[in-house]
1. Let a ≥ b ≥ c be the square roots of the eigenvalues of the Cα gyration tensor of region 2-249; is it rounded (a/c under 1.5), or, if not, prolate (a/b larger than b/c) or oblate?
2. Can you pick out the pairs among Lys28/Lys103; Lys32/Lys106; Lys104/Lys246 whose Cα atoms lie more than 18 Å from each other?
3. Starting from the 7 Å offset along Cα-to-Cβ, what nm value, one decimal, do you get for the label separation of Glu217 and Glu93?
4. Going by the alpha-carbon gyration tensor, a ≥ b ≥ c the square roots of its eigenvalues, is region 135-256 rounded (a/c under 1.5) or, if a/c is not under 1.5, prolate (a/b greater than b/c) versus oblate?
5. How much mean residue ellipticity at 222 nm does the chain get from its helices, if each DSSP H run of length 4 or more adds -39500 (n - 2.57) and you divide by all residues, to the nearest 500 deg cm²/dmol?
6. Which shape class applies to region 1-147: rounded if a/c is under 1.5, otherwise prolate when a/b exceeds b/c and oblate if not, where a ≥ b ≥ c are the square roots of the Cα gyration tensor eigenvalues?
7. Can you give the charge dipole size of the chain about its Cα centre, rounded to the nearest 20 debye, using +1 on the beta carbon of Lys and Arg and -1 on the beta carbon of Asp and Glu?
8. Given +1 on the Cβ of Lys and Arg, -1 on the Cβ of Asp and Glu, and no further charges, what dipole in debye does region 69-139 carry about its Cα centre, rounded to the nearest 20?
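Derivation of every value follows stated rules applied to the coordinates shown; laboratory data play no part. Remember, predicted model here, so these are calculated numbers, not experimental data. Every residue, glycine as well, gets a Cβ built from its backbone with ideal geometry; the counts of neighbours run over all protein chains shown.
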Amino acid sequence: MKLISIVCQKGGVGKTTIVVNLSSMFSKKGYKTLLIDLDPQGNVSTYLNFDKNREDITNSTNLFENTKKINPGYLDENYYLIPSNIKISKHNEEKIAAGSKLKKLKEEGVFNDYDIVFVDTPPTMSSLVQEAIVFSDFYLIPTKAEFLAIEGVGQAMEFANTTLKTTPNTNPVFLGVVLNQIFEETDSHKDFVNELNEILGEKLLKTKIPHKTEIAESPLYAKTVIDFNEDEEIFSVFSDLAEEIKERIGLNEKST
Ligand SMILES: Nc1ncnc2c1ncn2[C@@H]1O[C@H](COP(=O)(O)OP(=O)(O)OP(=O)(O)O)[C@@H](O)[C@H]1O
Ligand SMILES: [Mg+2]
C-alpha cells in the first residue's frame, strides 16, 4: 500500500481535479484504489456526485474518532471513497501530537486492503493538512502554470518541511510538483517552466496537464475526464501521470 496526499495552501490550483482523475486512472489500471477527502468543502464528493452526508459508510471525520475498521463508499470497480463534509472542520485546530491520529490508523493496517490511497486536502495551512502530510508515504504539490504560483509552491514546500521537522518519526517523500492548466506554448510559458526546472530539477514532474474545457466541465456530468473522454488527449495525460507516479513511488505492475 502506498499513500499519497495532494497538498497546496493556494486555492484552485487543481488539487481536487488531479486527485479525482488520477485515482480513477489507477483504479482503471487494476489497482485497488481508495480516495480520502480531508477537505471540509467536500469537493471530491461533488465532483463524483456522491452523497457526502451518507451515514452508512465511513467519512473522514470518523477517521479522527477511534475508527478501527473502515467501510468506504463504492464508486466503481476497484474504486472506493471516504468522503468529507463540514463536520471535519472541528478537527482542524488540533495540535499534532507525536504520532498523528491518521498515522496511527495507517500503522494499525486499516488501509492495507488497498494498493494505493490518495488524499485530497483543503487550501489551508491547517492541522488537517499536517495530518495528511504526516501519515503519507508521499506528497504531491500541484500548481497552476502562472508566474506567481512559484511562490505558492515554495510556501507549500516550506510548510511541509516545517511540519515534518516538528513531528518525530515521520518520513514522507516529496514526490514533486505537477504543473496544471498549461496554455499553449507561449514564450512566457517556456520561461516559467525553465525557471521551475532550475529550482526543482528532478522534482518537477515530466507530465504536465493542459488547460482543457473538458476538465473544467467534467464535474458537471459527475464523471471523471477519463470516463467522459476515453480516447482523447486528456486520457493519455492522466495515464502518463499515473505511469510516472508509479515509477517514482515504486509501485509494482498489476498483473491482470
Ligand atoms: N487542467 C484544467 N483545465 C481546465 N480547468 C481546470 C483544470 N484543472 C482544474 N480546473 C478547474 O479549476 C478549478 C479549480 O480546480 P480544483 O477545484 O481542482 O482546485 P483545488 O486546488 O482543489 O481548489 P481548492 O483549493 O478550492 O480545493 C475548477 O473549476 C476546475 O474544474
Ligand atoms: Mg479542492
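1. Numbers: a/c = 1.71, a/b = 1.21, b/c = 1.41.
Here region 2-249 falls in the oblate category.
2. Working: Lys28/Lys103 27 Å; Lys32/Lys106 16 Å; Lys104/Lys246 25 Å.
With Cα atoms farther than 18 Å apart: Lys28/Lys103; Lys104/Lys246.
3. 4.3
4. oblate
5. Details: 10 runs with 97 residues, N = 256.
The helix-only estimate for the chain comes to -11000 deg cm²/dmol at 222 nm.
6. Working: a/c = 1.27, a/b = 1.02, b/c = 1.25.
Since a/c stays below 1.5, the shape of region 1-147 is classed as rounded.
7. Working: 28 positive and 39 negative charges, 219 e Å.
Result for the chain is approximately 1060 debye, rounded to the nearest 20.
8. Values: 8 positive and 11 negative charges, 89 e Å.
So the magnitude is around 420 debye.
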